[in-house]
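Below is one structure, written out as structure tokens; comments come after it.
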Amino acid sequence: MAIRIVREDGDEILRKKAKEVQEVDDKIREILDDMVDTLHNYNGVGLAGPQIGLLKRLVVIDLYDDKGPMKLVNPVIIKQKGEQEVEEGCLSFPNQFAKIIRPAEVVVEALNENGKKIKIKGSGLLAQALSHELDHLDGILFVDKIIPGTLEYVTPEKNDEEK
Ligand code: NI
């Protein structure tokens, strides 16, 4: 288990398309564990492979509820419904927040860390997080979807106080 370096705005790997994972083995499980550690270290909600410099279709999400951290391999949105206007940030864009439109509900198919096929139905924050993280796998970033005029920079001091 280890905390990985999070790639930030301007790193071209964030714009690349991640590749499908062929086999969910110990190596992949180790990466997923590191991704969860990294996510928790930054108090984030979600993290995708390219954000730690790996072009693999891997996503972790933690809403800090009873579902615990979710580890997803090769996730795909198979259904989506409605829209929600949400406030959003990204670990690769520290201290930046903006309003964007996300689907209100999504259904995602993926493999779990044991290579078993799973289906996740999410609404609200979970739909937002799934949509955001799956975008990362295709090199799409939240700044591409900002509602004009809503981008805000939050001073780092404020974040330090929360830790
Ligand atoms: Ni992000």
To the nearest 20 debye, what is the magnitude of the charge dipole of the chain about its Cα centre, counting +1 on the Cβ of each Lys and Arg and -1 on the Cβ of each Asp and Glu? 740 debye
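How would Val107, Val59 line up by accessible area, probe 1.4 Å, largest first?
Val107, Val59
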Rounded to the nearest whole number, the Stokes-Einstein translational diffusion coefficient of the chain at 25 °C and 0.890 mPa s (Kirkwood radius, C-alpha pairs) in µm²/s is 154 µm²/s
Name the shape class, rounded, prolate or oblate, that the alpha-carbon gyration tensor gives for segment 1-70, where a ≥ b ≥ c are the square roots of its eigenvalues, rounded holds for a/c under 1.5, and otherwise prolate holds if a/b is larger than b/c and oblate otherwise. oblate
Karplus-derived 3J(HN,Hα), 6.51/-1.76/1.60, for each residue of segment 102-111, Hz, glycine and proline x: 10, x, 6, 9, 9, 10, 10, 10, 7, 9
Hz values of 3J(HN,Hα) by residue in segment 30-42 - Karplus curve (6.51, -1.76, 1.60), Gly and Pro given as x: 5, 4, 4, 4, 4, 5, 5, 4, 5, 4, 5, 4, 9
Hydrodynamic radius (Kirkwood) for segment 51-140, which is based on Cα pairs only, to one decimal in Å: 13.6 Å
If you stretched the chain out fully between Asn95 and Glu12, how much longer would it get, using 0.36 nm times the residue separation minus the C-alpha to C-alpha distance? 27.9 nm
Tally Lys and Arg at +1 and Asp and Glu at -1 over the other residues with C-beta under 14 Å from the C-beta of Leu141: what net charge comes out? -3
Mind checking the per residue accessible area of the chain for me, 1.4 Å probe, whole number of Å²? 55 Å²
So for each of 71-77, 147-153, 40-46 I average, over its residues, the number of other beta carbons within 10 Å; can you give me the resulting order with the highest mean first? 71-77, 40-46, 147-153
Which percent of the accessible heavy-atom area of the chain goes to carbon and sulfur, probe 1.4 angstrom? 48 percent
Under Karplus coefficients 6.51, -1.76 and 1.60, residue-wise ³J(HN,Hα) of segment 122-127 in Hz, glycine/proline x: x, 10, x, 4, 5, 4
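The values are calculated or read from the model by the stated rules, or taken from the named source; none is laboratory data. Because the structure is predicted, anything quoted here is derived from the model rather than measured. Here Cβ is always computed from backbone atoms with ideal geometry, including for glycine, and neighbour counts include all displayed protein chains. Remember, those area values only see protein heavy atoms, side chains included, never the ligands or the DNA or RNA. Shrake-Rupley method; radii C 1.70, N 1.55, O 1.52, S 1.80 Å.
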